[in-house]
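The values are calculated or read from the model by the stated rules, or taken from the named source; none is laboratory data. Predicted, not measured: the structure shown is a model, and the values here were computed from it. Every residue, glycine as well, gets a Cβ built from its backbone with ideal geometry; the counts of neighbours run over all protein chains shown. These area figures cover heavy atoms from the full protein model, side chains too; ligands, DNA and RNA do not enter into them. Shrake-Rupley method; radii C 1.70, N 1.55, O 1.52, S 1.80 Å.
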Amino acid sequence: MSSVNLMAREVAAKIVFYGPGLSGKTTTLRKVYETVRPAHRGEMMSIATEGDRTLFFDFLPVKVERVGDCSVRLALYTVPGQVFYNATRKLVLQGADGVVFVADSQAEAMDANRESLSNLEENLLENGIRLDRFPLVMQWNKRDLDHVLSVEELRRELNPRGVPDFETAATNGRGVMDALKTITRLVIKDLRAKRIVPPPRPAPPPPGSAPAGLEAQLSQHLSHRQLQAATPPAATISATPVPRTLTAPAPPRVEPAAVPVAAPSTGSKLLGPTSALAPGDLFDHARAAEAAFTAGDYTTCVTACTDAVRRAMAFAGEGTLAQQAFLLHVDGSDLLRLQGLSTLPQLRVDDAAFALYVLMQVFVRLNAVGLPTAG
């Protein structure tokens, strides 16, 4: 179920509280609801019988702390514990990114705990997921009661894999949030491993520090180009005999020496790294993007790069952007991030540098496959 909103930099993940009937799943979710600040929680929904057992599911969207520069929104569910509601448990479990197994610590509930854990494994397998490779946290609940099994016994019977486990008392909230924080970390780690969570946007360099990476290369190249354009070559100045030019017509053999005087104007046409890679049809777009970057107009730079990328991708033929990216072997996540930048109200130098980087990558792929062909 996990989904990523690149524009909002938000990741949505689904966590299911699983376990036997009356183990404390719904009570756990209610305690989470009471603990979370109102601004970070949604409406809690529940369908229950007269015996206060969850028939369908509890749903609680909770916004938690940021991961990198992405906010994380959790959708928390519980499943009915009774065996005859297994079809409903399967439905709720579909699309889950992680599970908190809520076990009843009482000795008489051990058989129900084993049955429910086995049922969880079977239902995950039907969805093509192995429990030993899935984010899982064990919650030993009802630790506030007398005559409960020791944690060592519970681990031996229910947690041979050694996943993180917590002693909890859902009625007073002890340990509940610790279990939730841990499963959240495991889910985010798993999503990162699957390359679902986008990498953090690079932070702007501290004041006075030298730019790094692509930004440094572009800045150094463009600064060098500006210096060349502003400063005539020393040899040209010394080779031009000013007194003779002012007082008398120059001999014919001196005339060629006057040609280098035009070097400052030709120097302004030195190619930047992006325009040097650009096909002829997109040369002007690349130059416009570089000029905007040099002038510090990062919004115009990103806009020009986005337009140039769209035009460049069209050389791969008709179809969606995803199809064109597949044909050219262009990273789709980079294209999505570039599109997202165009919606931001303010852009930074690293945003513009990234846009130029994507444009150069597209040009490289076009060159590699021989596009566009000569007409």
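Under a 5 Å amide H cut-off, with hydrogens placed 1.01 Å from N, PHE59 pairs with MET45 among residues at least 5 apart or on other chains.
Could you tell me the calculated FRET efficiency between ASP331 and ALA107, based on Cβ-Cβ distance and R0 = 41 angstrom, to the nearest 0.05? Between ASP331 and ALA107 the formula returns 0.15.
Sequence neighbours fewer than 8 away in the same chain don't count; with that in mind, list the aspartates and glutamates whose C-alpha is under 16 Å from LYS90. Candidates past the 8-residue exclusion: ASP58, GLU115, GLU121, GLU122, GLU126.
For the stretch 305-314, the Karplus equation 6.51 cos²θ - 1.76 cosθ + 1.60, evaluated at θ = phi - 60°, returns couplings of 5, 4, 5, 5, 5, 4, 5, 5, 5, 5 Hz by residue, with Gly and Pro reported as x. Across the stretch 285-290, computed HN-Hα scalar couplings (Karplus, 6.51 cos²θ - 1.76 cosθ + 1.60, θ = phi - 60°) run 5, 5, 5, 5, 5, 5 Hz from first to last residue, x flagging Gly and Pro. For VAL330, no residue has an amide H sitting under 5 Å from its own, ignoring neighbours fewer than 5 places away on the same chain, with H placed 1.01 Å from N.
Database remark: amide H of ASP165 closer than 5 angstrom to the amide H of MET138 (H placed geometrically; neighbours at sequence offset of 5 or more, or on other chains; Pro and chain starts carry no H). Within the same chain, aspartates and glutamates fewer than 8 places from LYS194 are excluded, and of the rest, those with a Cα less than 15 Å from its Cα are ASP97.
Residues in the stretch 183-196 carry Karplus couplings, in order, of 5, 5, 4, 5, 5, 4, 4, 5, 5, 5, 4, 8, 6, 8 Hz; the curve used is 6.51 cos²θ - 1.76 cosθ + 1.60 with θ = phi - 60°, and Gly or Pro positions show x. Computed over the alpha-carbon pairs of the stretch 68-169, the distance histogram in 10 Å steps reads 13, 45, 32, 9, 1 percent, short to long.
Accessible surface of ASP284, taken over heavy atoms with a 1.4 Å probe and every protein chain present, rounds to 110 Å².
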